[in-house]
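Colleague: Structure in structure tokens, see below.
The values are calculated or read from the model by the stated rules, or taken from the named source; none is laboratory data. Everything quoted here is computed from the prediction, not taken from an experiment. Here the Cβ positions follow ideal geometry from the backbone for every residue, glycine too, while neighbour counts run over all protein chains shown.
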Amino acid sequence: MYHSLKPLAFILIFGAIVSSCKNNRSSVNKDPLDLTGMDTSVRPQDDFFDYANGDWLKKTTIPASLPAWGGMLSLADKSVADMRIVLDSVAKDKNIIPGSYAQEAGDLYAAGMDSSLVEKLGISPVQADLDRINTIKNTGDLMKEVALEYSMGLSPLFDFGVSGDAKNSAVNICYFNQGGLGLPNRDYYFQNDSAAKKIRAGYTQYITKLFELAGEDSVAAIKVAASVLATETALAKNSRTPVALRDPLANYHKMAVASLVKSNPNVGWIDLLSEMQIHADTVIVGQPEFYKSLNNLVKSVPLNDWKNYLEFHFMDHFAPYLNNAFVQARFDYAKLLTGQQAIEPRWKRMCRMIDDNLSDALGQLYVQRFFPPESKKRMLDLVNNLQETFAERIKGLDWMSDSTKTKALEKLNAMVKKIGYPDKWKDYSSVHISKDSLVADLRNCGHFAYMYAIGKIGKPVDKSEWYMTPPTVDAYYDPTQNDINFPAGILQPPFFYKNGDDAINYGAIGIVIGHEMTHGFDDEGRHYDSNGNLKDWWTPQDAKRFTQRADLIVKQYEGYTVLDSLHINGKLTEGENIADIGGSIIAYAAFQRTPEAHKDTLIDGFTPDQRFFLSLAAGVWRVKYRPAILRTMLLNNPHSPAKYRVIGPFSDNSGFYKAFNVKPGDKMYRPDSIRVSLW
Ligand SMILES: [Zn+2]
């Protein structure tokens, strides 16, 4: 989510600045780790984040069009700039092969960048859809429209998807989850503090504005907006909180379609599934009470209100690709959640649009240009070393029985490692892309994605498929596939230093690798076995000991107050915090297996161990947020904010205590009784 300089310049500039060495031992020059933002007036033992970044935080201004800046976010911003380089070049390439993926990506980019055409077209690209919604006469028509919109890539009313069955992970099945809301989660409809009220008012204004742009007068538009909010509030009433959605067992209900038909007769499931082209006898319903309530609402909410709801969501879905009045209206609402002061430049928004819609076309172009093959090799060495270290640690755990350890090791050893980009690419040749019809192009992409998804129903899971695109600056663990995935985008500084030393690599990407592996053993992941099936492989004693330790982590993070009186939600962030703590401990142990960790070479005056910890704090998590995005994160995001992804895990890492001589009385010190050791 950020960037500034090209990697080479980055290494050279900081290499030149940071070359002072406090003793006369030999040192490695050209340290790519940027330590110019430290505030050494802060004791590292009291607040390692401010120690590593205090000066940078004071001097840095967040760019007006962004919600946050620094570290990981700057790299994500650079990734978008890299997408632009490849898209610009294919869009202008006169010798491009007609019908190739490169031409499709280039044409979609050209369509996206043609702002004068978009301006001239106004609302017309969606007018026929709004007219069609207006002709809905009964519940049958309503559900038919819902199905049609799914086939265009929208997701009204509920949330539908296809993936491996969590209890039979080799086979794909349909998931029906709660959904249909416009605000970030169900709590936003009911909270009555001033910040929540302001967001709700802004959302209502946004709905009003879209109906005005669609031709309603302002009095009518206000009424319509109120009805949309009321409909969504009704859907929200029987929706679960973000914390409740984290429980994999409580959100899994395999149901025969026949019983769904019987228990929810008003929805007209048979017709709906047939219109959605879904052929299945069994589906998984995440939250049955949501569908029960939906079944009542399709009758009790007036048909006119449903039409308003569908019209709004149709316009909202395409608003970023309509004329400036739509883009501005959407931004005026979105900025309440992010704090952004200005709309991002068009090219950035359009690059992301292509990353979302023609992912594998852009992905191929991106890795050809920006992902050196030797990065993959070094990364695989790191992953293998982390995996071996994790296995050693599992064998040595004092709280787990031998029988559970055997199962845990089986799971760890079965983890599939995916690095950089997929082995096979999706073929988009059937997707029609034209340079002069952006919205139609996006519908075609949405249709392709939908048909691709429903084509998987009942078929074996393809373990080679990725759920993040190559330029993404992020990584993930998939519990039903038991795999760890590191897109090319994250394999750059400040995560991965192709030519950097072990300390800064283990301290950044090493911690990320450990983090993803630990997800297989966090409070959610531990419920899945080595084949990715929801299956209990724990003895009751071990499960109890796990929960006691995990509860300490919940308490630890609940204790961090971030913004005004808002503190971290320990239950919402439990899995990520477990992964952060595990990641830092396992990566530190893995680093101890390298020769560098045992040398007393100082670089910039720091020992190898100290640089391991600085790499995460001053590299990856040197992030500054606007207050609005911080609030949104605390209420929605399962990750803790950057500062707490440093001081949280390091307060539980005995390696950190050793590296910086942390003692009782220091602010980051946690006594043995509450210092968590899980993995
Ligand atoms: Zn995570």
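Colleague: For segment 313-419, which helices (runs of 4 or more DSSP H) that fit wholly inside it have 2 or more residues that are more than 30 Å from L229 (Cβ to Cβ) and free of Cβ contacts under 8 Å to residues at least 40 places away in the same chain? Steps first, answer last, please.
Modeller: Working: elements: 324-338, 346-357, 359-370, 373-396, 402-414.
Filter on segment 313-419 gives 373-396, 402-414.
Colleague: Further question: Can you tell me which residue among R611, R626 is buried (at least 20 other Cβ atoms within 10 Å of the Cβ) and either of a type in the set (F, W, Y) or more than 16 Å from the ligand (Cβ to nearest atom) (or both)?
Modeller: On the way: R626 fails: buried (at least 20 other Cβ atoms within 10 Å of the Cβ).
R611 is the lone residue from the list that is buried (at least 20 other Cβ atoms within 10 Å of the Cβ) and either of a type in the set (F, W, Y) or more than 16 Å from the ligand (Cβ to nearest atom) (or both).
Colleague: Residues being among the hydrophobic types (A, V, I, L, M, F, W, C) and within 20 Å of the chain's Cα centre (by Cα): count how many of those fall in segment 574-621.
Modeller: Our first condition is that a residue be among the hydrophobic types (A, V, I, L, M, F, W, C); within segment 574-621, this holds for 578-579, 581, 585-587, 589-591, 597, 602-603, 606, 612-614, 616-618, 620-621.
Narrowing further to those that are within 20 Å of the chain's Cα centre (by Cα): 578-579, 581, 616, 620-621.
Of the residues in that region, 6 qualify.
Colleague: Identify the single condition in (1) of a type in the set (A, V, I, L, M); (2) surrounded by fewer than 18 Cβ atoms within 10 Å (Cβ to Cβ); (3) closer than 27 Å to N636 by Cα that A543 does not satisfy, given that it satisfies every other one.
Modeller: The single condition A543 does not satisfy is (3).
Colleague: Examine segment 281-288 for a residue that is under 30 Å from N168 (Cβ atoms) and assigned to a helix (DSSP H, G or I), and state whether such a residue exists.
Modeller: First pass over segment 281-288, keeping only residues under 30 Å from N168 (Cβ atoms): 281-288.
Still in the list and also assigned to a helix (DSSP H, G or I): 288.
Yes, segment 281-288 has at least one match.
Colleague: Related question: Restricting attention to segment 531-561, which residues are under 21 Å from the mean Cα position of the chain (by Cα) and more than 16 Å from the ligand (Cβ to nearest atom)? Before the answer, list the steps.
Modeller: Initially, segment 531-561 is screened for residues under 21 Å from the mean Cα position of the chain (by Cα), giving 532, 557.
Of everything in segment 531-561, just one residue is under 21 Å from the mean Cα position of the chain (by Cα) and more than 16 Å from the ligand (Cβ to nearest atom), namely G532.
Colleague: Further question on the same structure: When you check G520 against the structure, is it within 20 Å of L409 (Cβ to Cβ) and within 16 Å of the ligand (Cβ to nearest atom), yes or no?
Modeller: Details: within 20 Å of L409 (Cβ to Cβ): yes; within 16 Å of the ligand (Cβ to nearest atom): yes.
Yes, satisfied.
Colleague: Which is under 30 Å from D131 (Cβ atoms), within 31 Å of the chain's Cα centre (by Cα) and surrounded by fewer than 16 Cβ atoms within 10 Å (Cβ to Cβ), of Q277, Q178?
Modeller: Details: Q178 fails: surrounded by fewer than 16 Cβ atoms within 10 Å (Cβ to Cβ).
Just one listed residue meets the conditions, Q277.
Colleague: So which of L365, L409 is touching a helix residue (DSSP H, G or I) at 6+ places or on another chain (Cβ under 6 Å) and either modelled with pLDDT under 95 or outside the structural domain of S584 (by TED's automatic domain parsing) (or both)? Walk me through it before giving the result.
Modeller: Values: L409 fails: either modelled with pLDDT under 95 or outside the structural domain of S584 (by TED's automatic domain parsing) (or both).
L365 is the lone residue from the list that is touching a helix residue (DSSP H, G or I) at 6+ places or on another chain (Cβ under 6 Å) and either modelled with pLDDT under 95 or outside the structural domain of S584 (by TED's automatic domain parsing) (or both).
Colleague: Additional query: Let me spell it out: the conditions are (1) at pLDDT below 50; (2) in a loop (DSSP other than H, G, I, E, B); (3) over 22 Å from N661 (Cβ atoms), and G37 meets all of them except one. Which number is the exception?
Modeller: (1)
Colleague: Another question, then. Counting only residues that are among the aliphatic types (A, V, I, L, M) and touching a helix residue (DSSP H, G or I) at 6+ places or on another chain (Cβ under 8 Å), which one in segment 280-294 is surrounded by the most Cβ atoms within 10 Å (Cβ to Cβ)? Reasoning before the result, please.
Modeller: Of segment 280-294, the ones among the aliphatic types (A, V, I, L, M) are 280, 283-285, 294.
In the following step, the residues that additionally are touching a helix residue (DSSP H, G or I) at 6+ places or on another chain (Cβ under 8 Å) were identified as 280, 283, 285, 294.
Numbers: A280: 15, V283: 20, V285: 24, L294: 22.
Ranking the candidates gives V285 first.
Colleague: With in contact (Cβ under 8 Å) with a residue 60 or more places away in the chain, outside any helix (DSSP H, G or I) and either of a type in the set (F, W, Y) or under 30 Å from E576 (Cα atoms) (or both) as the only criterion, which of L235, L249 stands out? Full working, then the answer.
Modeller: Working: L235 fails: outside any helix (DSSP H, G or I).
Just a single option satisfies the conditions, and that option is L249.
Colleague: Would you be able to say whether some residue in segment 463-472 is within 15 Å of the ligand (Cβ to nearest atom) and either over 22 Å from the mean Cα position of the chain (by Cα) or without any contact (Cβ under 8 Å) to a residue 40 or more places away in the chain (or both)? So that I can check it myself, show each step before the final result.
Modeller: First pass over segment 463-472, keeping only residues within 15 Å of the ligand (Cβ to nearest atom): 467-468, 472.
Filter once more, so that each one left must be either over 22 Å from the mean Cα position of the chain (by Cα) or without any contact (Cβ under 8 Å) to a residue 40 or more places away in the chain (or both): 467-468.
Among the residues of segment 463-472, at least one is within 15 Å of the ligand (Cβ to nearest atom) and either over 22 Å from the mean Cα position of the chain (by Cα) or without any contact (Cβ under 8 Å) to a residue 40 or more places away in the chain (or both), which makes the answer yes.
Colleague: For the subset of segment 64-108 comprising residues that are in contact (Cβ under 8 Å) with a residue 12 or more places away in the chain and part of a loop (DSSP other than H, G, I, E, B), which member is farthest from R443 (Cα to Cα)?
Modeller: Restricting to residues being in contact (Cβ under 8 Å) with a residue 12 or more places away in the chain and part of a loop (DSSP other than H, G, I, E, B), the top hit is G70.
Colleague: Oh, and also: Looking at segment 41-67, which of the residues that are over 23 Å from A334 (Cα atoms) and of a type in the set (G, A, S) is surrounded by the fewest Cβ atoms within 10 Å (Cβ to Cβ)?
Modeller: So the first thing to find is which residues in segment 41-67 are over 23 Å from A334 (Cα atoms), and the list is 41-60.
Then drop every residue that is not of a type in the set (G, A, S), which leaves 41, 52, 54.
On the way: S41: 9, A52: 27, G54: 17.
Looking at the filtered set, the residue picked out is S41.
Colleague: Quick test for you: out of A590, A617, pick the one residue that is closer than 21 Å to Q45 by Cα and more than 16 Å from the ligand (Cβ to nearest atom).
Modeller: Numbers: A590 fails: closer than 21 Å to Q45 by Cα.
Unique residue meeting the criteria: A617.
Colleague: From the residues in segment 652-679 that are part of a helix (DSSP H, G or I) and of a type outside the set (A, V, I, L, M, F, W, C), which one is surrounded by the fewest Cβ atoms within 10 Å (Cβ to Cβ)? Working first, answer last.
Modeller: If we filter segment 652-679 for residues that are part of a helix (DSSP H, G or I), which is where we start, we get 654-659.
With of a type outside the set (A, V, I, L, M, F, W, C) added as a condition, the list becomes 654-655, 657-658.
Working: S654: 13, G655: 19, Y657: 19, K658: 11.
Among those that are part of a helix (DSSP H, G or I) and of a type outside the set (A, V, I, L, M, F, W, C), it is K658.
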